[in-house]
Amino acid sequence: MKYNNLKISNQQAEDILLKLYRIQGNATELPGELDFNFRIKEDPAQGYILKISRPNENEDYLDFQQQLLQFVADNGQHVIAPKVISDVEENSISKITDNFGNKRHVRLLSWVSGRVWSGVNPQLDDLRYSLGRQCGLLTQALQGFDHKQAHRTFDWDVAQSLWTKAHVELFQDEEREILEYFQNQFEKAQDTYSKLRKAVVHNDANDNNIIVSSDLMEPKVEAIIDYGDAVHTQIINDLAVACAYAIMHHNDPLEAALPIVKGYHSTFALEEEELIHLYNAIAMRLVISVTKSALNKIEEPDNVYLLISEKPAWEVLGKWRNISPDFAHFSFRNACGYEALPNAKLFKKWAKKQRFKLNHLFPTIHKKETHHLDLSVSSKWIGHQEDFNDLDLFEFKINQLQKKHPKEIIAGGYLEPRALYTSDAFSNIGNSGKENRTIHLGVDFWLPHGTPVHALLDGEVVIAVNDAGNKEYGGLVILKHHTGTLEFYTLYGHLSVTGATKHQAGDLIKRGDKIGELGTSDENGNWVPHLHFQVMLSLLDYKNDFPGVAYYNQIAVWKNICPNPNVLFKSEALQKTVSTSNDELIHYRKQHLGKSLSLQYKEPVKMVRGAGQYLMDQYGRKYLDTVNNVAHVGHENYNVVKVGQEQMALINTNSRYLHDNINALAQELIETLPPELSVLHFVNSGSEANELAIRMVKAATGERDIIASEVGYHGNSNMCIDISSYKFDGKGGSGVPEHTHIFPLPDAFRGKFRGEDSAEKYADEVQKQIDAIHKKARGVGAFIIEPIISCGGQIELPEGFLAKAYEKVRAAGGICISDEVQTGCGRMGKTFWGFQLHDVVPDIVTIGKPLGNGHPIAAVACTPEVANKFANGMEYFNTFGGNPVSCAIATEVLRTVKRENLQENALQVGTFLKEELHKLAQEFPIIGDVRGQGLFLGIELVDGQMTPLAAQTDYLANRMKDHGILMSTDGPDHNVLKIKPPIIFTKENAEELLLYLRKILAEDLIRF
């Protein structure tokens, strides 16, 4: 019979419900493979699920399901499951005859409320852990239950999955190869697999059968429904099914599976033997799924439900095929609290009794001790990224270090997080954005090329290759060793061509035999000559290579696969020093640093290195920085660092002595400014710049009254706080001071006046403050504002406002100050300074953050008239302002902006990004406004009533950090995401930012 003739309509379902159960409710069709399922909503709130079988369904099978549910109800103390509802005649299974005369069975179960797994986004580790936990609880609750139907022949039982071999002809090429690989692996394992524990298990925790709580902040799996696929099988299969579906749509399915395994083990302890077979069991459930889909396309092409998992199942199978089965097994063991490798304890016991000497490895060197060399991401020795990429310089530094320690071998590196590996071969896109292999798994011994290397132990050559292009090793020999029942491997990397190629797999090497010589840098991927020595307890499934560097998120497993080689040598110098943990750093800060010092993000990050538009944490993870406008031309810009180092090595003193640098900086700045602004004073920070500007105002006008914007921020000194509404109107503030006059935030989107014609109205608000000052019989000192108000939420001033405001202030005798601490030095794209966007020329410009690229230097530019009035006899002197080092750095920053056309880059990339953000706003209406210029942009999140959404904004910033992108919030209502990256930010960086913004904006907490 055709599928459409088998279907039951919603109306038919409602009629059946009323007849059999005397319940009147609205029926909505739900997906199902065999049964026709309907959700029943009954007034007022009670719900059910109505299940109507296909014609002539086996009643014993249905009885099995009903008894199973009753058993769970009686034994599952911590399990939520559907409850059996009897019909009006007290039958748990009812019978009907359909319109074609077919006998059908009907069951009614209580509805389990919540969200279906497939509709939950994101599915993070805590949620997946709770899935495993609930599955384990259900398996525990079913212990002791049995029924003859549980032992039926069933295609969806992983234990019976080899039926799929009969249908491989339905697939071609890569798909067929994948299926046959897993089928063969599963078949080979039958002897041990068949002996695993068995029980009746749910067997179908797919994404439509998992019920998740309604809590958007901390969702948890609350129930598993639909027991139609329950079967008596190996218990591990139940976990495999849950994993198979829940790891879909993840770049790294193994990482996604581990919290599920851990959660399952927490409520139903898994045995070590079971974990050996979990990798294959997960694969075979997916093999069943794609084979079923292929068959169903032929048998029931109209049944969309039967094809729903086909594409994601194939995607997972392809990724699963590329995961080492052994690595997956070790990862599962680690997740369950077992030693990741079964032979780890045996190796530790053996190694504890050994003490090899360095001259066993290098008998011609005659050195017994090592000197530790730190090449970690935190190391000061490696210097700037440009330095450690300079092979000649690196080798020179190694040689100099060796001269200082002539009796020791320079060595180190085990589990070091390194930033040295920059090629694409070391990077990947994981479940949370970009990730890099940074954790070094061996010890490096830095010795001259040609140094002979000898075997520590008797061994058999298993890998011997030479590849000068191999960035990890170049020449490589791996030996296999047997000591009693223990088998392990040693790796000798960066050997010469002759050293690696004279061996073949199967060759036997005696302890003390020469393996080869250290290669030159040309032979070894441009590495300075050294030996990479590594110990492995497993080769996994590598045939011609083996990783020397691992991903940090896999380190718990890798450090078991590759134990510390120093367990053989027991060198005190090679004992890994333990760095201070983030928790310890936070604890110390709380004890000894000011309580008002805040940390970014709910889980603070420790940053130890910068490189361009990236920051790196202590584990070597790179974060794309979209908020640090201090690092104007890129974090640790090489030329900027270099000129600072060079000048610091010569002299650093105050500006009372003549020096070329202060004049050079002045010239670079004056070239960017209107001719009216021709006098400069140098200070150390934006706060000092604004403080000095107010002093100039008082000297030039004799007045103290300052007009400033609501939510404006101009620095952290006393005088600056007094003119910063962002501070004195905020938490801990004491309100507006006597001589400060605040006009409403000129926000045309959500301010007091809105729309394109709001400029005049906001200018009138400035006039009101002028009038208020005059009413107190005082004069106007100054008007200060940022060209785009930063802390106010990246507020663009309404077109025409600034010119009108300047006109009114000057008419009252006041001075106009443009605070360019955040907006200056080319960031605006269209113009070098923010005030130039508005066709005005201020009397004073204050310059800060970007000028020193992280070094403390700032400036005040003013007209000669203001400067002359300030020079009233009281000398202005700043000990550090204008010193040669700071001036050299700032000059190079400005020259870099000009030389590398970074203002143009800010315009092009900023324009692209702003346009794409507007498109994103069409897709996600929560984005109420996109504003700003160049690479100084803001995204404001509001609901349909223009209510600010601070919680969602904070959530978005923290989730973006989880994906390796740094963002920050701003605005009086904390509902604006600011984008102010180093202006070397590229279009590719912008595309990455947009990719993950789109991903996170689709998550539940943002959408609901």
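The values are calculated or read from the model by the stated rules, or taken from the named source; none is laboratory data. The model shown is predicted, which means the values in this text are computed figures rather than measured ones. All Cβ positions, glycine included, derive from the backbone under ideal geometry; neighbour counts span all protein chains shown.
Observations on the structure shown:
- From the options V287, V316, residue that is modelled with pLDDT of 95 or more and either under 19 Å from A159 (Cα atoms) or not assigned by TED's automatic domain parsing to the domain that holds A205 (or both): V287
- Selected residue (only one of L677, L745, L673 is part of a loop (DSSP other than H, G, I, E, B), under 19 Å from C791 (Cα atoms), at pLDDT 95 or above and of a type in the set (A, V, I, L, M, F, W, C)): L745
- For segment 963-990, the tally of residues that are crowded, with 18+ Cβ neighbours inside 10 Å and assigned to a helix (DSSP H, G or I) stands at 2.
- Conditions (1) surrounded by fewer than 21 Cβ atoms within 10 Å (Cβ to Cβ); (2) in a helix (DSSP H, G or I); (3) in contact with a helix residue (DSSP H, G or I) (Cβ under 7 Å, 6 or more places away or on another chain): number failed by K642: (3)
- Identity of the residue in segment 423-462, small (G, A, S), out of contact with any strand residue (DSSP E or B) (no Cβ under 6 Å at 6 or more places or on another chain) and not in a loop (DSSP other than H, G, I, E, B), that ends up surrounded by the most Cβ atoms within 10 Å (Cβ to Cβ): G433
- Only one of T879, T891, T911 that is of a type in the set (V, I, T), surrounded by fewer than 21 Cβ atoms within 10 Å (Cβ to Cβ) and either in the same structural domain as H681 (by TED's automatic domain parsing) or farther than 23 Å from S790 by Cα (or both): T879
- Within segment 351-363, at least one residue is touching a helix residue (DSSP H, G or I) at 6+ places or on another chain (Cβ under 8 Å), within 30 Å of E416 (Cα to Cα) and surrounded by 18 or more Cβ atoms within 10 Å (Cβ to Cβ).
- Within segment 327-370, the residues that satisfy the criterion of being farther than 30 Å from Y129 by Cβ and not in a loop (DSSP other than H, G, I, E, B) are L346, F347, K349, W350, A351, K352, L358, N359, H360, L361, E369, T370.
- Only a single item in (1) part of a loop (DSSP other than H, G, I, E, B); (2) modelled with pLDDT of 90 or more; (3) under 30 Å from A256 (Cβ atoms) is not met by A419, and it is number (2).
- Those residues of segment 186-245 which are outside any strand (DSSP E or B), touching a Leu at 6+ places or on another chain (Cβ under 9 Å) and of a type in the set (G, A, S), in sequence order: A205, G228, A230, A240, A242, A244
- Number of the condition not met by P563 [criteria: (1) touching a helix residue (DSSP H, G or I) at 6+ places or on another chain (Cβ under 8 Å); (2) over 24 Å from I439 (Cα atoms); (3) at pLDDT 95 or above; (4) not small (G, A, S)]: (2)
- Here S266 meets each of (1) touching a residue at least 40 places away in the same chain (Cβ under 8 Å); (2) surrounded by fewer than 22 Cβ atoms within 10 Å (Cβ to Cβ); (3) not in a helix (DSSP H, G or I) with one exception, condition (3).
- Selected residue (criterion: nearest to the chain's Cα centre (by Cα)) from residues of segment 915-962 that are assigned to a helix (DSSP H, G or I), of a type outside the set (A, V, I, L, M, F, W, C) and within 30 Å of F832 (Cβ to Cβ): E916
- Candidates S213, S289 - the one that is small (G, A, S), within 32 Å of the chain's Cα centre (by Cα) and surrounded by fewer than 18 Cβ atoms within 10 Å (Cβ to Cβ): S213
- Any hit, segment 830-853, residues being assigned to a helix (DSSP H, G or I), among the acidic types (D, E) and surrounded by fewer than 24 Cβ atoms within 10 Å (Cβ to Cβ): no
- Summed over segment 773-816, residues that are assigned to a loop (DSSP other than H, G, I, E, B) and more than 26 Å from T969 (Cβ to Cβ) total 9.
- Some residue of segment 682-695 being assigned by TED's automatic domain parsing to the domain that holds F880 and surrounded by fewer than 18 Cβ atoms within 10 Å (Cβ to Cβ): yes
- Residues satisfying the stated conditions in segment 371-400, i.e. assigned to a loop (DSSP other than H, G, I, E, B) and touching a residue at least 40 places away in the same chain (Cβ under 8 Å): L373, D374, L375, S376, V377, S378, H384
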